[in-house]
Structure formats: C-alpha cells, structure tokens
Amino acid sequence: MKRIYTRTGDDGTTGIHGGERVPKDDIRIEANGTLDELNTQIGIVRSMLKADDRWQDGLYRIQCELMAVMSLVATPSARRDSNPNSLDAGMEQFCEDWMDSLTQQIGEHEHFLIPGGTPLAAQLQMARTVCRRAERRLWTLHREDPLPLELLRFVNRLSDLFFILARFELDRQGWPEEKWKAFSYKNKK
C-alpha cells in the first residue's frame, strides 16, 4: 500500500469483506470499531508491562485473535466461507484456564468493586468495559446477521478475564480492592 488514504470513504461509506460498501455507522462497522478500540486498549496494557512479563504472550495471542474476530465481523455470514481467517476454537478455554489459574492464587470475590487502584489495574478495567461494549454491539449485529457463537463466547470470556487480571494486578502490587456492595444473589440462601 503506497498511501493510507483512498478517498473512497469520503461519501460516508466503508468497504467490508467481499467488496460491498456500507455506511460508516452500520452496526457491523460500529462493532468492529469497538473491537479495534479494545485491541488498542490491550496494546496500552501491554505497553505498561515489562517486555518479559508473563502476561505479554497471552495478551499478544488475544490481540492476534481479535484481528481474526474483526475480519469475521467484517464479513457477512453469506460470504464467511470465503474469508481465510478463522477464530482459534480454543480461545474460550484459554481465557477460562487463565482466569482459573489467577483466581486460585487470589481467591474469589463477593463484592462489586470500584475500578481503579494501580494504573495498570485501571487500564485493565477500561479494557473490560470496552470489551463489554463490543459484546453488546456484536449481539446487535448477530440479530441482523448471525455471527459464529464461539466468537461471541470468546468476547464474553475476555471481559471476565480483564476483570480477573485487574484483581490480580492489585493483589501483586499489594493494593487493596475497593469494595462497593456484596453481591445480593450470593446473600440469598
């Protein structure tokens, strides 16, 4: 690509996989824009870690998978078979295993938490909220044009993972979790 600008979007449309052009505020583009924002947020998190931090590889893997997710989202379901990109079927389990490992070390929680603490924990909480917004946009798109269910499950697990990573970061820095209220469903017996 010799230049980044094409001028084809000056009319308020953008291209999707297969050559079709859609409005820039189409739900497919909104979902992908939010996924792109999430991927950038993960890049910020990674920039705050040392190069040899044990989380680098896992977060890099997630970023690469998000690129495949964005490619699939940019492809209407009728054309998805022609898309050479695919989601690693093990990503849901990857997230669950990582969460389970960290939770074993820091314990479960029974309260809503106030986001914040260390700068890294706050950025992880921001990634969680962007991920939740991406998930909402994906479900809106899914009602219009079905997405692979493993894609939706991966994004759901990913937001949970960022929550656990934020908790773990607070723990490893010796920063207390700021609790708001106990989960009411855990109080009902």
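The values are calculated or read from the model by the stated rules, or taken from the named source; none is laboratory data. Predicted model, so just to flag it, every value in this text is computed and none were measured. For neighbour counting, all protein chains shown are included, and Cβ atoms are generated from backbone atoms with ideal geometry for every residue, glycine included.
Worth pointing out:
- Complete set of residues in the stretch 44-79 that are small (G, A, S) and in a loop (DSSP other than H, G, I, E, B): A51, A74
- Residue in the stretch 6-17 that is assigned to a helix (DSSP H, G or I), more than 16 Å from D145 (Cβ to Cβ) and at pLDDT 95 or above present: no
- Assessment of the stretch 165-184 against the conditions (in contact with an Asp or Glu (Cβ under 6 Å, 6 or more places away or on another chain), buried (at least 21 other Cβ atoms within 10 Å of the Cβ), modelled with pLDDT of 95 or more and in a helix (DSSP H, G or I)) yields no matching residue.
- Pairs meeting the criteria (first residue in the stretch 82-97 and loosely packed, with under 12 Cβ neighbours inside 10 Å, second residue of a type outside the set (S, T, Y), beta carbons under 9 Å, at least 6 apart or on different chains) are S82/H17; S82/G18; A89/E150.
- Residue within the stretch 54-75 that is more than 17 Å from the chain's Cα centre (by Cα) and surrounded by 14 or more Cβ atoms within 10 Å (Cβ to Cβ) present: yes
Residue by residue, here is whether (1) among the aliphatic types (A, V, I, L, M); (2) surrounded by fewer than 16 Cβ atoms within 10 Å (Cβ to Cβ) holds:
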residue	(1), (2)
Y5	no, yes
T14	no, no
E20	no, yes
A31	yes, no
I44	yes, yes
S47	no, yes
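- Out of G117, G58, G107, sole residue that is modelled with pLDDT under 90, touching a helix residue (DSSP H, G or I) at 6+ places or on another chain (Cβ under 8 Å) and farther than 16 Å from E30 by Cβ: G117
Each row is one residue, and each column tells you yes or no for (1) at pLDDT 95 or above; (2) touching a strand residue (DSSP E or B) at 6+ places or on another chain (Cβ under 9 Å); (3) farther than 23 Å from H17 by Cβ.
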{"site": "P84", "(1), (2), (3)": "no, no, no"}
{"site": "M126", "(1), (2), (3)": "yes, no, yes"}
{"site": "R143", "(1), (2), (3)": "yes, no, no"}
{"site": "L147", "(1), (2), (3)": "yes, no, no"}
